[in-house]
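Since every read-out is calculated from the coordinates, none of them should be taken as a lab result. From a predicted model like this one, the values you see are computed outputs, not experimental measurements. Positions of Cβ are backbone-derived with ideal geometry, glycine not excepted, and every protein chain shown enters the neighbour counts.
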Amino acid sequence: MANEKQSLVVLGAGVLGLTIAYLAALDSDVSFNITVIARELPEDMDSQAWASPYAGANWSPMELGGRDKRVKKWEEKTFNKLWDMIPTGLVKRLPTRFYTAQGQDISDLWWKDLVQNIRMLAPSDVPEPFKAGVAFDTVSVNPVEYLPWLQSELISRGVTFERRYVRKLDELKSLVGTDGILVNASSLGSRSIIGVEDTTLYPIRGQTILVHAPGLQECLIVELETGSEEPTYIIPRPGKGQPDTAILGGTFQPRNWDTSLDMQTARGIFDRCAALAPCLRSAESTILKHNVGLRPGREEGPRVELERIALPLHSTYDLILRNGGPTSERDHEQSILVIHAYGFGPAGFQRSWGAAEEVLELMKAQVSLKHNI
Ligand SMILES: Cc1cc2nc3c(=O)[nH]c(=O)nc-3n(C[C@H](O)[C@H](O)[C@H](O)COP(=O)(O)OP(=O)(O)OC[C@H]3O[C@@H](n4cnc5c(N)ncnc54)[C@H](O)[C@@H]3O)c2cc1C
């Protein structure tokens, strides 16, 4: 039918998939039938098979933003978007102190003009054993409230959600159709989905503790020593349902797939954080939850890229699953347009709005190409 809407299938319901679907649903230049397909949906906050529930989730300066212009742009856009969302209550304005063992010169920091109210701490405000500190205001969100909010916004705009485990891209062929677009926001799942098989993806294990601590109103971060897998941070987060919570971290363990809880590690995290914020040991502070999550690391950094993939898939190993039988698969040769958006490592929330905008631009370019043919 000539007037039928083009379909947009978003594979993945983490912060990236949801934000991309949100921008596509709201943009008046495009009109898609949008379906979000995922093994984990925002109600699955206890599943360790996805990363988004485990994020801090604050906007915190990272080294990659300083050396990669594209990532810097995503992070700037996301900071500004989240800052503007503070009045909604979904985003917290977060006063932050960053302590370092070396001297610090603010003029060297790539993010100095981005965060708010940046200033050097007076030496008397820098605790032992640190040498210097910087204070600034940034933002945090609470995945437990933020992801369901994104989902409810999408549902109210007619977006369909389907829980499904996808083994190979061919399975989405009929849903995407001949002129639709597939956004692949499947994070670490892209290692194993046949047709993507990105072996440069790897997990970065993160263990944290969720506390209820009304005394904590500031985010505290200690600069990570080169090679250390034990960052120390305290991130207070917003929460209408559950106010005054904070995430204590943590670990940063590349290529470690172990999602089991390590109590000795938890002890170390708690003690390091309590040394910075003694109120954690007071009677009004309680431990709510121990978390272990896997950040979706990728050797070359995040992948946001368009690819046309021929179906049925061909494999040099000749081991492709042939659901439906080889003959019917061969009868329906076609290709699908895929926009990949995965591998956001330790910073998927703080890159989400900027990266989603870039994905939307790629979509729009394809839509106008189609109309100009
Ligand atoms: C301890 C910890 C602390 C963090 N702190 C922060 C922070 O402070 N700030 C920040 O910005 N980021 C932080 N992060 C990183 C952030 O959580 C991730 O970068 C982000 O959640 C990645 O989002 P995503 O949408 O790409 O992937 P995910 O959240 O992993 O979602 C992937 C989606 O794809 C689906 N999927 C995967 N494979 C398949 C398949 N085969 N079939 C169907 N569906 C599939 C999953 O079910 C899920 O819906 C932290 C992460 C951890 C673990």
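Counting only residues that are exposed (fewer than 14 other Cβ atoms within 10 Å of the Cβ) and not in a strand (DSSP E or B), how many does segment 230-258 have?
Quick first cut of segment 230-258, residues exposed (fewer than 14 other Cβ atoms within 10 Å of the Cβ) only: 240-241, 243, 254-255, 257-258.
Imposing the further condition that a residue be not in a strand (DSSP E or B) reduces the set to 240-241, 243, 255, 257-258.
So the count comes out to 6.
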- Note on the structure: Residue count, segment 86-125, condition in a strand (DSSP E or B), of a type in the set (V, I, T) and more than 25 Å from W353 (Cα to Cα), comes to 1
- Over segment 165-179, the set of residues under 23 Å from E40 (Cβ atoms) and touching a Ser or Thr at 6+ places or on another chain (Cβ under 9 Å) is V166, R167, L175, V176
- Query: Counting just the residues of segment 221-243 that are out of contact with any Ser or Thr (no Cβ under 8 Å at 6 or more places or on another chain) and small (G, A, S), which one comes out nearest to the ligand (Cβ to nearest atom)?
  - Reply: S228
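Restricting attention to segment 206-220, report how many residues are within 25 Å of G103 (Cβ to Cβ), within 15 Å of the ligand (Cβ to nearest atom) and surrounded by fewer than 23 Cβ atoms within 10 Å (Cβ to Cβ).
Residues that pass the stated criteria total 1.
Having 3 or more residues that are crowded, with 17+ Cβ neighbours inside 10 Å and of a type in the set (A, V, I, L, M, F, W, C) is the bar; report the helices (runs of 4 or more DSSP H) wholly within segment 1-85 that clear it.
Working: elements: 15-26, 63-67, 69-84.
Correct list: 15-26, 69-84.
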- List pairs: first in segment 284-300 and within 7 Å of the ligand (Cβ to nearest atom), second hydrophobic (A, V, I, L, M, F, W, C) and in a strand (DSSP E or B), Cβ under 6 Å, 6+ apart or cross-chain? R295/I204
- Item | Subset of segment 262-287 (residues that are in contact with a strand residue (DSSP E or B) (Cβ under 6 Å, 6 or more places away or on another chain) and basic (K, R)) | R272
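Can you find a residue in segment 51-68 that is closer than 24 Å to I193 by Cβ, more than 11 Å from the ligand (Cβ to nearest atom), among the charged types (D, E, K, R) and within 17 Å of the chain's Cα centre (by Cα)?
No, the conditions are met nowhere in segment 51-68.
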- Residue in segment 181-205 that is surrounded by the fewest Cβ atoms within 10 Å (Cβ to Cβ), counting only those that are touching a Leu at 6+ places or on another chain (Cβ under 9 Å) and in a loop (DSSP other than H, G, I, E, B): I193
- Sole miss for G158 among (1) in a loop (DSSP other than H, G, I, E, B); (2) on the phi < 0 side of the Ramachandran plot is condition (2)
